[in-house]
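Derivation of every value follows stated rules applied to the coordinates shown; laboratory data play no part. These numbers were taken from a predicted model, which means no experiment stands behind them. Neighbour counts run over all protein chains shown; Cβ positions are idealised from the backbone, glycine included.
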Amino acid sequence: MATINVNIDPEEKKEMLAVIKKNKGKTISVAKLAKEAGQNPNRARFVIDELLEEGKIKRITTKTFNARYIRYSYEIV
């Protein structure tokens, strides 16, 4: 199976961390976080995934409507 390598700039991470810090404790979609950070929502998903892997943020489940529709809040560790 093919792997996807996405290079994330440190500036993109800084922008996303600033937006997460601003919205601490709020239930918010990745698309809204991306819009506030001035990023493409699809790219923002990769940025958030990388921040999660690095342990810089944590994702907290706040609403579960069904298996595919889950809302999260994010916190800086």
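Summed over segment 24-42, residues that are surrounded by fewer than 16 Cβ atoms within 10 Å (Cβ to Cβ) and at negative phi total 10.
Taking segment 58-77 as the range and being assigned to a loop (DSSP other than H, G, I, E, B) and in contact with a Lys or Arg (Cβ under 9 Å, 6 or more places away or on another chain) as the test, the residues that pass are Phe65, Tyr69, Val77. Any idea which residue in segment 1-16 is surrounded by the most Cβ atoms within 10 Å (Cβ to Cβ), counting only those that are touching a helix residue (DSSP H, G or I) at 6+ places or on another chain (Cβ under 7 Å) and among the aliphatic types (A, V, I, L, M)? Among them, the one singled out is Met16. Scanning segment 1-57 for residues that are of a type in the set (Gly, Ala, Ser) and in a helix (DSSP H, G or I) yields a count of 5.
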